[in-house]
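A.B. asks: I have a structure I would like to understand better, so I am pasting it below and will then ask my questions one at a time.
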Amino acid sequence: MISPEHTGEAMRAADPGQRTLPALLERQCERFGDRPLLRVGERSLGFRLVRDSAAARAGALAAAGIRPGDRVAVFSENRYEPLELWLGCAWLGAIFVPINAALRGRQLEHVLADSDARVIVVEEELRGALAAVAHPDSLELIWEIPGSYPVLGRPVPPAPARPGDIAAILYTSGTTGPSKGVLCPHAQWYWWAALTGEVLGIGADDVLFTCLPLSHTNALNTFWQAVLAGAAYHLGPRFSASRFWSRAAEADATVTYLLGPMVSILLKQPPSSLDRAHRVRVALAPATPPELHEPFRERFGVVLVDAWGSTETNIVIANRAASPRPGTLGRVLAQFEARVVDDEDAEVPDGSPGELVVRSREPFAFSLGYFGLPQATVAAWRNLWFHTGDRVVREAGGVYRFVDRQKDVIRRRGENISSFEVEQVLHSHPDVTAAAVVAVPSELGEDEVLACVVARRGTVLDPAALARFCEGRIARFAIPRYVEVVDALPLTPSGKVEKYRLRRRGILPSTWDREQAGAA
């Protein structure tokens, strides 16, 4: 058995110049050989076969004319091909662009155009959604899974990647505009994997099971946690409360990855013989309400670990599996720095709420900014600190506690929703003259979406019809649960919507509820 401590030492001993996806895969292939690494459905591959598949997929991309630096998009649910494509892109030096399979309409069209991708790989079930939007001039090839997706090509040598080279562009919802493409370099993935592995105590005998989507940081960096530790990675379908524990048991999982709402949903399931019929010992579970930690451990035998990170940064603040502190984010990890600041970026005293700003001591452990958006990049990294938009308190002793979010982002069931993008869809309705979208509390511990809309004079808006109008134009998780038809929106003297007033007012007896209406 290889202990977590031994694995951590091996990770830290890596030459900084070798902190790239191809170099790590090559090194760990030599170390672990045919040891199981990757399982998706019925497909199971060891370290050596994963390395060989990456080289062969890179060969197929190169044969199709894809070159280092080209963007390769994938629009798919969790399955083997998107993950293999990421490895092939990294091997070749191309840039992987995973697109959330739930996107529709303007959101999908924006990501396609903004990423400037030369090729997109689309799952057969999603080809209708892709066909329904305009394609950018840059898009030259559309490969369908399983139809026209090319077979593996002749293996090619790995590209001479450097730690600061971009490995992927992940799209995260903006607060005041469309989704931004986050430039994620190779070394950022290295540190995500190394530090998350240490926080969770992952060793070579572990099996890591995730059902989070491959368009998110978590499911991708979990694979590299397995690569670094010599562990096994099992990618499951999207989260299902009724099947989660049976799937975890089938995977023989020892470590898993949850979000706060998933924890709440699992606890609300009826007791079952499956509750303890698994080997899972620990779960990374950010945004879990503190009162759920102990009931979850007692019922399922799983320790929940809270932490803080973002697509732009890394796992900067964390608890440890050996000593979790429910209700806190934990302490800043040694590789990073954090401050709590006021509106002028001046540090506030311990115990006072302020915005969390962070930076890295390690080169390329954070994102390099936003693709094609230099001004947004400079604004987010002003004064050489990344401004998270999260409101926190640093307690005496250096423990951080989350308070709320300063950014105008709504988080519903693990998905970040841009209010701007939802408002754009609502504004496109012929009978809507104004719309504002805000977060309101959810009984599951995160947010629900409230849309306040003003009807065109002489018309009557039907909230149910408005919700149906959003279908196909935006991801289903972003469709407002609540709709309030108002005479006017509260405005500042400069004409901006005072959203804080809408949040403060919240849900009224007159507010239409999609779930109560049976349209959820």
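A.B. asks: Quick check on the chain: helices-only [θ] at 222 nm, where DSSP H runs of length 4 and up contribute -39,500 (n - 2.57) each and the sum goes over total residues. Nearest 500, please.
C.D. replies: Working: 15 runs with 150 residues, N = 520.
Computed mean residue ellipticity for the chain: -8500 deg cm²/dmol.
A.B. asks: A further question follows. Quick one: which of 58-66, 162-170 comes out on top by average Cβ neighbours within 10 Å, and what's the full order, highest first? List each step's numbers first, then the result.
C.D. replies: Details: 58-66: 19.3, 162-170: 21.0.
Ranked by mean Cβ neighbours within 10 Å, highest first: 162-170, 58-66.
A.B. asks: Kirkwood Rh, the chain, all Cα pairs: how many Å?
C.D. replies: Values: mean 1/r = 0.0419 Å⁻¹.
Value: 23.8 Å, from the Cα pair sum.
A.B. asks: So if I place +1 on the C-beta of Lys and Arg and -1 on the C-beta of Asp and Glu, and nothing else carries charge, what would the dipole magnitude of the chain be about its Cα centre? I want it in debye, nearest 20. Present the calculation step by step, with values, prior to reporting the outcome.
C.D. replies: On the way: 57 positive and 61 negative charges, 55 e Å.
So the dipole magnitude of the chain works out to roughly 260 debye.
A.B. asks: While we're on this one: Of the GluC sites (Glu not before Pro) in the stretch 101-205, which ones lie in a loop per DSSP and count no more than 15 other C-beta atoms within 10 Å? Display every interim value, and only then the final one.
C.D. replies: Values: sites: GLU109, GLU123, GLU124, GLU125, GLU140, GLU144, GLU198; in loops: GLU140.
For GluC sites (Glu not before Pro) across the stretch 101-205 that sit outside H, G, I, E and B with at most 15 neighbouring Cβ atoms in 10 Å, the list reads GLU140.
A.B. asks: Can you tell me the orientation of helix 80-92 relative to the chain, as the angle in degrees between its alpha-carbon axis and the longest Cα principal axis, to the nearest 10?
C.D. replies: That helix lies at roughly 70 degrees to the long axis.
A.B. asks: A further question follows. Lys and Arg at +1, Asp and Glu at -1: add these up for the other residues within a Cβ distance under 13 Å of VAL156 and post the number. All intermediate terms of the calculation are to be shown ahead of the outcome.
C.D. replies: Details: positive: ARG51, ARG57, ARG67, ARG154; negative: ASP52.
Taking every Cβ under 13 Å from that of VAL156, the sum is +3.
A.B. asks: Would you tally the net charge around PHE386, using a Cβ to Cβ cut-off of less than 10 Å, leaving PHE386 out, and scoring K and R as +1, D and E as -1?
C.D. replies: Numbers: positive: ARG359, ARG382; negative: GLU312.
Here the count lands on +1.
A.B. asks: Follow-up question, since we're still on this one. May I ask for the angle, rounded to the nearest 10°, between helix 217-229 and the longest principal axis of the chain, with both axes built from Cα atoms and the value confined to 0 to 90°?
C.D. replies: 20 degrees
A.B. asks: Based on the alpha-carbon gyration tensor of the stretch 65-198 and its eigenvalue square roots a ≥ b ≥ c, which shape applies: rounded if a/c is under 1.5, prolate if not and a/b is larger than b/c, or oblate? Please report the intermediate quantities before stating the final value.
C.D. replies: On the way: a/c = 1.64, a/b = 1.19, b/c = 1.38.
Oblate, since a/c reaches 1.5 and b/c is not below a/b.
A.B. asks: Using DSSP to define loop residues, name the GluC sites (Glu not before Pro) in the stretch 289-388 whose beta-carbon has at most 14 other beta-carbon atoms within 10 Å. If you can, show how the numbers build up before the last one.
C.D. replies: On the way: sites: GLU291, GLU298, GLU312, GLU337, GLU344, GLU347, GLU355; in loops: GLU312, GLU344.
Qualifying residues, ordered by number: GLU344.
A.B. asks: For every other residue with a beta carbon closer than 12 angstrom to the beta carbon of TRP245, add +1 if it is Lys or Arg and -1 if Asp or Glu, then tell me the sum.
C.D. replies: Values: positive: ARG243, ARG247, ARG276, ARG279, ARG299; negative: GLU250, ASP275.
Computed value for this residue: +3.
A.B. asks: Moving to a separate point now. How high is the relative contact order of the chain, in percent, with contacts defined as C-alpha pairs under 8 Å that are six or more residues apart?
C.D. replies: Details: 1143 pairs, mean separation 63.1, N = 520.
Across the chain, relative contact order equals 12 percent.
A.B. asks: Roughly how big is the stretch 64-132's charge dipole about its Cα centre, with Cβ charges of +1 (Lys, Arg) and -1 (Asp, Glu), in debye to the nearest 20? Write out the running numbers ahead of the final one.
C.D. replies: On the way: 7 positive and 10 negative charges, 35 e Å.
Roughly 160 debye, rounded to the nearest 20.
A.B. asks: Using a ≥ b ≥ c from the Cα gyration tensor of the stretch 437-520 (square roots of the eigenvalues), is it rounded, prolate or oblate, where a/c under 1.5 gives rounded and otherwise the larger of a/b and b/c decides, a/b for prolate? Before the final figure, lay out each step's value.
C.D. replies: Working: a/c = 1.68, a/b = 1.19, b/c = 1.41.
It is oblate, given that a/c is not under 1.5 and a/b is not larger than b/c.
A.B. asks: Related question: In the chain, what percent of the accessible surface is made up of carbon and sulfur (1.4 Å probe, ligands and nucleic acids excluded)? List each step's numbers first, then the result.
C.D. replies: Details: 10810 of 21010 Å².
It is 51 percent, rounded to a whole number.
A.B. asks: With +1 on each Lys and Arg Cβ and -1 on each Asp and Glu Cβ, how big is the dipole of the stretch 28-85 about its Cα centre, in debye rounded to the nearest 20?
C.D. replies: Numbers: 10 positive and 8 negative charges, 27 e Å.
It comes to approximately 140 debye.
A.B. asks: Moving to a separate point now. I'd like to know which of VAL340, PRO290, LEU267 lies farthest towards the positive end of the charge dipole of the stretch 243-342, counting +1 on Cβ of Lys and Arg and -1 on Cβ of Asp and Glu.
C.D. replies: Projecting each Cα onto the dipole axis, the largest value belongs to LEU267.
A.B. asks: If you roll a 1.4 Å probe over the heavy atoms of the protein chains, what accessible area per residue do you get for the stretch 387-469, in Å²?
C.D. replies: On the way: 3240 Å² over 83 residues.
Counting only protein heavy atoms, the per-residue value for the stretch 387-469 is 39 Å².
A.B. asks: Quick check on the stretch 342-495: take the gyration tensor over C-alpha atoms, sort the square-rooted eigenvalues as a ≥ b ≥ c, and tell me if it's rounded (a/c under 1.5), prolate or oblate. Please report the intermediate quantities before stating the final value.
C.D. replies: Numbers: a/c = 2.19, a/b = 1.97, b/c = 1.11.
Cα axes put the stretch 342-495 in the prolate bin.
A.B. asks: Amide H of ASP390: which non-local residues (sequence gap of 5 or more, or other chain) have their own amide H closer than 5 Å, using H built in the peptide plane?
C.D. replies: Counting only residues 5 or more places away or on other chains, the set is LEU356, GLN406.
A.B. asks: With a probe of 1.4 Å, find how much accessible area the stretch 23-172 has per residue, and write the answer as a whole number in Å². Write out the running numbers ahead of the final one.
C.D. replies: Working: 5970 Å² over 150 residues.
On a per-residue basis, the stretch 23-172 sits at 40 Å².
A.B. asks: Would you mind calculating the relative contact order of the stretch 323-441 from Cα pairs under 8 angstrom and at least 6 residues apart, reporting the percent as a whole number? Mind dumping the intermediate values first?
C.D. replies: Values: 166 pairs, mean separation 25.9, N = 119.
Relative contact order of the stretch 323-441: 22 percent.
The values are calculated or read from the model by the stated rules, or taken from the named source; none is laboratory data. Nothing here was measured: the structure is a model prediction, and the numbers come from that model. Don't worry about glycine lacking a Cβ; one is built from the backbone with ideal geometry, like all the others, and counts go over all protein chains shown. The area values use the complete protein model at the heavy-atom level, side chains included, leaving out ligands, DNA and RNA. Shrake-Rupley method; radii C 1.70, N 1.55, O 1.52, S 1.80 Å.
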